[in-house]
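The next block holds one structure in the form of structure tokens; read it before the comments.
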Amino acid sequence: MEPKIIHKLDPVISEVKKKTGINIDNFKPTFLERRILFRMRTVGILDYDEYVKLLSTSFDEAKSLYTAFSINVTKFFRDPHVWEKLENDIIPNFLKTTRFSPIRAWSCGSASGEEPHSISILLNDSLKETRIGYQVYATDISADAITHAKKGIYRNENLINVHPERLNTHFEKTSEGHYQVSSVIRNRIEYERLDMLKTTGKLFDIIFCRNVLIYYDKDAHEQIFKKFADVLKKDGILVLGQDESMIGTKGCNYFELPCPKERIYQKKSQ
């Protein structure tokens, strides 16, 4: 039976910070516990205290544990109704009221790359009749996830929400059951290993932070929403996951919610 460690996480948090310089105490305790137990099973350790001893002597294990906090399960155009709303309403209206060129989008927690590639396809198709360019900035805490994302090769099951026309236009079949995103789409994406609580030094028109906040505690939410407001340009768009919201946070001071069903927010005018 797996140990219950949720009430004694401090030693692990401390060791990860010592070894990597990264503070992980903004993650929810239940999430930390699940990922620690995952790493314990992976290295064949059943005793929690023994695992803490391993962390205290192994930089590689501290790094592997931190990497395990990256969530890499996703699909292209996840929750299709959100992407339809963006394509049919949000982006056309956004283009009418703004004069930004190129458009800059940020994919937080980009995982294995399905989201930033979806964003790149969406913007490519939405802007092809205009002279406006675009750039997608994709960040994740996992170097391995970013390496995978840069290759842009995916299995059929990751592409179930991709319209056949887009599959033919923006993907090339590399082997049976595998497709690679076209270089035109891939080359518009800049990747960086980054915790989204850290500053990017960049400004954006659109931020996608979907299915990431659920792993952070409320204090982190407050920091993240303030940061998003600071790095979004005037009337900028923020897209959250379907199970995420700003209810009960100061995020409501910075954003309004024109599309509740899709969790699409817009920065309030100052």
With a 1.4 angstrom probe the carbon and sulfur portion of accessible area for the stretch 70-144, in percent, totals 47 percent
Computed FRET efficiency, Cβ-Cβ of His81 and Leu197, R0 35 Å: what is it to the nearest 0.05? 0.75
Is it possible to state the helix-based mean residue ellipticity at 222 nm for the chain, with each DSSP H run of 4+ residues giving -39500 (n - 2.57), the sum divided by total residues, to the nearest 500 deg cm²/dmol? What is it? -11500 deg cm²/dmol
Scanning the chain, every Cys lacking a C-beta partner under 4.7 angstrom -> Cys252, Cys259
If all Cα-Cα distances of the stretch 168-270 are sorted into 10 Å bins from 0 onward, what percent lands in each bin, rounded to whole numbers? 13, 39, 26, 16, 5, 0
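Quick one: accessible area per residue over the stretch 38-78, 1.4 Å probe, rounded to a whole number of Å²? Don't skip to the end; give the middle numbers.
On the way: 2190 Å² over 41 residues.
Per-residue accessible area for the stretch 38-78 comes out at 53 Å².
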Can you give me the Cα centroid spacing of the stretch 96-151 and the stretch 165-191 in angstrom? 14 Å
What size of dipole, in debye to the nearest 20, comes out for the stretch 1-129 about its Cα centre when the only charges are +1 on Lys and Arg C-beta atoms and -1 on Asp and Glu C-beta atoms? 260 debye
Given a 1.4 Å probe, the accessible area of the stretch 157-199 per residue, as a whole number of Å², is 62 Å²
Lys173 to Lys234: extension gain in nm, 0.36 nm per residue of separation minus the Cα-Cα distance? 17.9 nm
Charge sum, other residues only, whose C-beta stays under 9 Å from Thr249's C-beta, Lys/Arg counted +1 and Asp/Glu -1: +1
Can you give the Kirkwood hydrodynamic radius for the stretch 86-131, in Å, rounded to one decimal and based on Cα pairs? 11.5 Å
Could you state the angle between the C-alpha long axis of helix 114-127 and the longest principal axis of the C-alpha atoms of the chain, as a value from 0 to 90 degrees rounded to the nearest 10? 10 degrees
In nm, to one decimal, how far is the Glu256 label point from the Thr97 one, both placed 7 Å along Cα→Cβ? 0.7 nm
Could you calculate, for the stretch 172-230, the ratio of the Cα radius of gyration to the Kirkwood radius, expressed as Rg to Rh? 1.11
In this structure, the FRET efficiency calculated for Lys18 and Glu129 from their beta-carbon separation, with R0 = 51 Å, to the nearest 0.05, is 0.45
Bin width 5 Å, alpha-carbon pairs only: give the P(r) of the stretch 67-223 as whole percents, running from 0 to the bin holding the largest distance. 2, 8, 19, 22, 21, 16, 9, 3, 1, 0
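The values are calculated or read from the model by the stated rules, or taken from the named source; none is laboratory data. It should be emphasised that the depicted structure is a prediction, and the values quoted were computed from it without experimental measurement. So basically every Cβ, Gly included, is an ideal-geometry build from the backbone, and we count neighbours across all protein chains shown. For accessibility, only protein heavy atoms count, side chains too; no ligands or nucleic acids. Shrake-Rupley method; radii C 1.70, N 1.55, O 1.52, S 1.80 Å.
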